[in-house]
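The values are calculated or read from the model by the stated rules, or taken from the named source; none is laboratory data. Keep in mind it's a predicted model, so treat the numbers as computed, not measured. Note that each Cβ is placed from the backbone with ideal geometry, even for glycine, and that neighbours are counted across all protein chains shown. Calculation scope for accessible area: heavy atoms of the full protein, side chains included, ligands and nucleic acids excluded. Shrake-Rupley method; radii C 1.70, N 1.55, O 1.52, S 1.80 Å.
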Amino acid sequence: LSANTTFTFSNVSDGQTIVVKLTNTASNYTVTWPTVKWSAGAAPTMTIGAKDDVYTFVRVGSTTYGSAVQNMS
């Protein structure tokens, strides 16, 4: 990331999967996601420092579900 970022999803089809890998920097930027149902009830916070986070989104009906694997070096 090179700045705070807001993502949007458009034209997502039922059953579609989206995978996003983000690498933060020492500046520790933030990410804002569109409406997503997360397992913990809220979007995870980006890992600080120069680490990778991998986000997976699956569309089921009209709901987008999100999960994250974080703090990968």
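For the range 55-72, filtering for residues that are in contact (Cβ under 8 Å) with a residue 40 or more places away in the chain, of a type outside the set (Phe, Trp, Tyr) and part of a strand (DSSP E or B) leaves 4.
Residue 11 passes every criterion in (1) open to solvent by less than 70 Å² (accessible area, probe 1.4 Å); (2) at positive phi apart from (1).
Checking each residue in the range 1-31 for being over 19 Å from residue 62 (Cα atoms), of a type in the set (A, V, I, L, M, F, W, C) and assigned to a loop (DSSP other than H, G, I, E, B) picks out 1, 3, 26. For the range 14-31, taking the residues that are open to solvent by 60 Å² or more (accessible area, probe 1.4 Å) and modelled with pLDDT of 95 or more, the one that is nearest to residue 71 (Cα to Cα) is identified as 21. Among residues of the range 32-54 being open to solvent by 60 Å² or more (accessible area, probe 1.4 Å) and outside any loop (DSSP other than H, G, I, E, B), the one that is modelled with the lowest pLDDT is 32. Look at the range 10-33: where a residue is within 15 Å of residue 45 (Cβ to Cβ) and a partner is open to solvent by 60 Å² or more (accessible area, probe 1.4 Å) and assigned to a strand (DSSP E or B), sitting 6+ places away or on another chain with Cβ atoms under 7 Å, you get 32/6.
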